[in-house]
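The values are calculated or read from the model by the stated rules, or taken from the named source; none is laboratory data. Here the structure is a predicted model, which means the values were calculated and not measured. Here Cβ is always computed from backbone atoms with ideal geometry, including for glycine, and neighbour counts include all displayed protein chains. Keep in mind that these areas ignore ligands, DNA and RNA; they rest on the heavy atoms of the full protein, side chains included. Shrake-Rupley method; radii C 1.70, N 1.55, O 1.52, S 1.80 Å.
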Amino acid sequence: ITLADLAGSPGYAPVSEAQAKAGNPETLITERADWEFDGAMARETLQRHFEIASVEGFGLVEEDEPALCAAGALLRYLNELQPGALKHLSRPRLEQMGKTIALDEMTRRNLELVESLRTGDSSGTLLSVLDRTVTPMGARLLRQWILAPLRNRVDIESRLDSVAAFAADSLARGAVRSALDGVRDIERLSAKISAGRSSPRDVRALGDSLSRIPEFAEQLESLSRHHGAIKPLSESCDRCEDLAAEITRTIVNSPPITIGEAATIAAGLDAELDELRQLRDGGKDGIARIQMEERARTGISSLKVGYNRVFGYFIEVTNSNSHLVPSDYQRRQTLTGAERYVTPALKDYEEKILSAAERIEERERAIMEKLRSHIAGQIERLQLLARLIAEADVFATLAEVAEREAYVRPVIEEGFDLEITAGRHPVVERMMPREKFIPNDLFLSPEARLIVLTGPNMAGKSTILRQIGLIVLMAQMGSFVPAAKARVGVVDKVFTRVGASDNLVRGQSTFMVEMSETSAILHTASRSSLVLLDEIGRGTSTYDGVSIAWAVSEHLHNSVGCKTVFATHYHELTQLSDELSSARNFNVQVREVGEKILFLHRLAPGGADRSYGIEVGRLAGLPQPVIARARELLKHLESGHLLESGKGSPPVPDSQSQLPLFDAPALEELRGIDTNAITPLQALEILSRLVEQSKLS
């Protein structure tokens with residue numbers, strides 16, 4: 001049972017429990033009683049609906065009881081909403097969570113996989129880059145693959161083989177895509193027909209779509225002769241020629257939305273229907289004949305026979321000719337300057353014509369219902385075909401994008417290593433000329449699994465973080481990747497903590513959200529995970545922030561042991577490489593030109609010691625006096641002095657006027673410290689305590 005199909009919207013996605021508890025106004029929660037989740041009742045409900053003897057046929061075992069109970073409760077709920085309209089539901093499939101990467105909302109949002117943080121739609125997302133599908137089924141499947149990358153190496157390689165087959169033969173790929181162009185949403189059209197909610201146009205659209213399948217199958221078969229990876233698709237392709245022929249033979253080329261508005265059933269299909277149409281159309285000719293006969297009989301040349309919905313057929317005679325009206329004329333309506341009449345002969349013709357029109361509509365409905373019933377009986381064939389079309393569409397699309405954007409096939413391994421050569425951000429590079437995007441290399445291994453990434457604002461740290469995550473996810477969904485070379489050890493989870501946000505509904509500050517998300521990562525990441533962190537600890541005081549960032553890094557390195565890239569402005573964290581055996585420092589390079597800087601966007605070994613925040617402020621347009629004053633204050637603060645309270649400018653250092661930095665007790669404590677025996681974090685704690693003591697004194 002696919003929730004996206006039941007919701008009727010390709011953009012539908014289930015909300016998280018956290019969103020529901022937060023009172024999200026867009027979340028509709030329907031509570032059900034506990035007894036509705038009873039296992040025995042669930043079995044009975046599923047067996048009755050799918051007409052099976054046992055649910056074991058679904059591949060369920062004793063451990064799957066909770067899934068069985070949920071499926072039964074959901075099916076009962078749906079039957080309440082749409083009784084008798086669920087014949088199109090395919091049999092439930094048990095999806096093992098271990099087969100795909102479970103991406104949390106935080107990661108989906110931060111990596112902008114299918115929804116942009118800025119616009120709320122798909123523009124500027126990974127989906128917008130990859131989606132070149134030509135069918136609605138393919139578009140939906142691509143979105144599903146992006147949100148649920150695979151974890152099994154064999155499954156990933158199978159997808160990559162199929163993409164590679166399409167990538168290797170651009171002519172065959174173009175022919176397959178051309179054959180699919182114009183194919184409507186077979187999955188949803190067949191579902192509407194089975195549920196009895198389809199119009200004649202829906203049925204004809206299904207027929208027209210099925211008419212294109214033989215050409216698609218031919219092109220697929222031709223491609224499979226040279227590429228074995230496509231053979232399973234080609235061999236399982238049901239051409240559905242019988243259904244296509246029956247639909248196109250039954251329904252006219254351009255049917256109306258509703259039966260009765262115009263002809264729906266094609267001429268020559270049903271003898272009874274053809275006779276009724278001939279009677280109806282012949283009846284109209286008879287009305288014209290009656291008009292000619294009445295003119296001749298009465299001598300009234302202006303006499304005319306007409307029709308309206310209120311009075312039916314009538315004979316209209318002007319008042320100037322009223323003296324010529326025969327005695328068998330019965331007055332029906334009086335107009336200004338004319339009278340309308342009816343005769344027994346005209347009544348007989350009217351009854352025949354109206355009766356024929358009603359019988360035509362009834363007959364068309366009967367033929368249409370028979371056709372719908374036949375299609376509903378073929379729903380499994382159509383659903384399998386729709387799935388096959390979707391897969392072929394996605395494979396061809398990923399190959400098309402790979403060729404256009406110069407993506408390469410990643411090497412998928414079971415090991416730990418992640419090696420990316422000349423990696424690029426797939427979305428950012430699309431927004432600028434390719435030659436202007438600066439690619440970067442990355443290597444993570446058990447011996448170098450934690451990277452502390454420093455560098456100034458605007459240098460591209462966040463872009464590098466996101467492109468690492470996107471490349472890994474693209475590789476594991478079965479796509480080629482934006483790099484010169486990529487070797488990916490399969491990860492079980494990807495976590496990102498990028499950017500700042502709050503949750504006012506739940507009363508959480510920006511820092512609380514940051515800490516909650518970080519906590520979730522630390523509790524659920526494993527050695528096989530990829531963790532991408534940006535500026536952990538920046539939402540609080542400097543000492544608190546550095547301490548938290550340091551401790552988080554140590555935990556990920558020592559306790560979790562996962563692949564981690566940590567972008568930060570806390571230059572103190574570069575000392576982690578001295579403390580942790582598998583920590584490495586990298587920075588995003590800049591070049592200083594006078595008082596200005598040039599962003600090189602190049603990743604290089606080593607740590608950065610400056611953030612160039614004032615220069616970024618200048619680029620953002622801060623007033624020149626503010627920039628000058630900030631530089632003056634920065635120089636003074638970097639010299640180790642604090643500003644004097646109530647003064648408009650920094651005090652000038654003066655050895656005669658300055659007070660001692662430490663009092664006697666503090667000096668005694670400092671003399672007792674062995675600086676070679678403490679860690680940088682312990683040193684920071686001591687310094688923080690001394691600062692607090694100085695404030696109290």
For region 398-553, report the accessible area per residue in Å² (1.4 Å probe, heavy atoms, rounded to an integer). 36 Å²
Add -39500 (n - 2.57) for each DSSP H run of 4 or more in the chain, then divide by its residues: what number comes out at 222 nm, to the nearest 500 deg cm²/dmol? -14500 deg cm²/dmol
Antiparallel content of DSSP bridges confined to the chain, in %, to 5: 60 percent
Over 19 Å, how big is the tail of the calculated P(r) for region 338-477, in percent of all Cα pairs? 73 percent
Shape descriptors of region 439-593 over alpha-carbon atoms, Rg and Dmax in angstrom, are 15.5, 47
How much area per residue is accessible in region 130-192 when the probe is 1.4 Å and only protein heavy atoms are counted (Å²)? 36 Å²
Percent RCO, i.e. relative contact order, over the chain, from Cα pairs under 8 Å lying at least 6 residues apart: 12 percent
Order Met515, Met474 by their accessible area, 1.4 angstrom probe, all chains in place, largest first. Met515, Met474
Summarise the long-distance tail of P(r) for region 509-579 by giving the % of C-alpha pairs beyond 15 Å. 50 percent
Measure nothing fancy, just the Cα-based angle from helix 379-405's long axis to the longest principal axis of the chain, in degrees from 0 to 90, nearest 10. 50 degrees
Roughly speaking, what % of Cα-Cα pairs in region 133-181 are separated by over 18 Å, rounded to a whole number? 43 percent
At 1.4 Å probe size, with no ligands or nucleic acids counted, give the accessible surface of Met431 in Å², nearest ten. 140 Å²
Considering only protein heavy atoms and a 1.4 Å probe, what is the carbon-and-sulfur percentage of the accessible area of region 430-583? 52 percent
If you bin the C-alpha pair distances of region 202-302 every 10 Å from 0, what whole percents do you get? 13, 24, 20, 16, 12, 7, 4, 3, 1
Sulfur and carbon atoms: percent of accessible area, region 302-401 [1.4 Å]: 48 percent
May I ask for the angle, rounded to the nearest 10°, between helix 461-477 and the longest principal axis of the chain, with both axes built from Cα atoms and the value confined to 0 to 90°? 50 degrees
Output the Cα-based Rg and Dmax of region 294-367 in Å, rounding Rg to one decimal and Dmax to a whole number. 15.1, 52
With the Cα gyration tensor of region 117-241 giving a ≥ b ≥ c as the square roots of its eigenvalues, does the rule (a/c under 1.5 for rounded; else a/b larger than b/c for prolate; else oblate) give rounded, prolate or oblate? oblate
Among rounded, prolate and oblate, which fits region 173-213 when a ≥ b ≥ c are the square roots of the eigenvalues of its C-alpha gyration tensor, a/c under 1.5 means rounded, and a/b larger than b/c means prolate? prolate
Averaging sequence separations of C-alpha pairs under 8 Å and six or more residues apart, then dividing by the length of region 122-230, give the relative contact order as a whole percent. 29 percent
Would you check the accessible area of Glu351, probe 1.4 Å, heavy atoms only, in square angstrom rounded to 10? 130 Å²
Suppose each label sits 7 Å from its Cα in the direction of the beta carbon; what would the Ala168-Ser302 distance come out to in nanometres? 8.6 nm
Is region 275-326 best put as rounded, prolate or oblate by its Cα gyration tensor, with a ≥ b ≥ c the root eigenvalues, rounded for a/c under 1.5, and otherwise prolate when a/b is larger than b/c, oblate when not? oblate
Name the residues whose placed amide hydrogens come within less than 5 Å of the amide hydrogen of Ile451, ignoring near sequence neighbours (fewer than 5 apart) on the same chain. Thr564, Val565, Phe566, Arg584
Taking the full set of protein chains and a 1.4 angstrom probe, give the accessible area of Glu592 in square angstrom, rounded to the nearest 10. 100 Å²
Given the alpha-carbon gyration tensor of the chain, what are the semi-axes of its equivalent ellipsoid in whole angstrom, ordered largest first, with each equal to the square root of 5 times an eigenvalue? 73, 32, 26
Helix axis angle, 680-696 relative to the chain longest principal axis, alpha carbon, degrees: 80 degrees
